Amino acid sequence: MLPERTYPFLFFAIVLAYCLLYAPYGINETDGGFLSGLGWQALSGKTIYQDIVYVRPPLPVWLRALEIQLLPEAWSVLGERYIFYFKVALYTCLASDLLAKGSFRWVLAMFGFVVSVHTYPACAWHTIDGILFSVLALWLYAKGSRTGSVLAGIALGAALLCKQSFFPLLVAFP
């Protein structure tokens, strides 16, 4: 058994390894990049639902537009992948913190991260944003403070603005 402080290091080393060794070389044979295209259209002055035919809630498009604004132009694809890995790492850490304590929390986070990053190509996805905000809402609510409950409600609202499949959380969360 490894010392307790080794596990967080291993988790962050795995995330860094994916960023350095996988992100620059991964291919995407799916419809990845459609949120980037929609975000770019929004930044070019088009309005969602009016000028852009779109059937989902708007938050992931707005988040991707913000990411495009903040990233240097040369980093648009690689930066999108790094952000994907960051989001998955964050929701696996938060979920693991809810489910376990001690070193097992980090083992669970490592397992969750590796499984999750191989579920979707490394790019912006409605589902990843929805999972992140849903887990964040549960984590904040579990902290039990009044401020945490308010922030949990805001995070839940953000999850609902990501994809229709998160709408049942409105009933399940309370």
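In the range 1-42, the portion of solvent-accessible area held by carbon and sulfur atoms comes to 69 percent [1.4 Å probe, whole percent, DNA, RNA and ligands not counted]. Of all complete DSSP H helices in the chain, those with a Cα span along the helix axis of 15 Å or greater and a mean Kyte-Doolittle hydropathy of 0.5 or more are 6-17, 59-70, 76-99, 103-117, 126-142, 146-160. In this structure, the amide hydrogen of Ile52, modeled 1.01 Å from its nitrogen in the peptide plane, lies closer than 5 angstrom to those of Thr47, counting only residues at least 5 positions away or on a different chain. Using a Förster radius of 41 Å, what is the FRET efficiency between Tyr49 and Thr119 based on their Cβ-Cβ separation? Nearest 0.05, please. Efficiency for this residue pair is about 0.90. Our note on the geometry: Cα centres of the range 4-81 and the range 119-151, 17 Å apart. Dividing the helix sum by the residues of the chain, where each DSSP H run of 4 or more adds -39500 (n - 2.57), gives a mean residue ellipticity at 222 nm of -20000 deg cm²/dmol. For Leu98, the shell of other residues with beta-carbons less than 14 Å away shows a net charge of +2, using +1 for Lys and Arg and -1 for Asp and Glu.
Annotation: lysines with alpha-carbon distance below 23 angstrom to Lys143 (same-chain offsets under eight excluded): Lys87, Lys101.
The values are calculated or read from the model by the stated rules, or taken from the named source; none is laboratory data. What you see is a predicted model; the values in this text were computed from it and never measured. Every residue, glycine among them, receives a Cβ derived from its backbone with ideal geometry; neighbour counts consider all protein chains shown. For accessibility, only protein heavy atoms count, side chains too; no ligands or nucleic acids. Shrake-Rupley method; radii C 1.70, N 1.55, O 1.52, S 1.80 Å.
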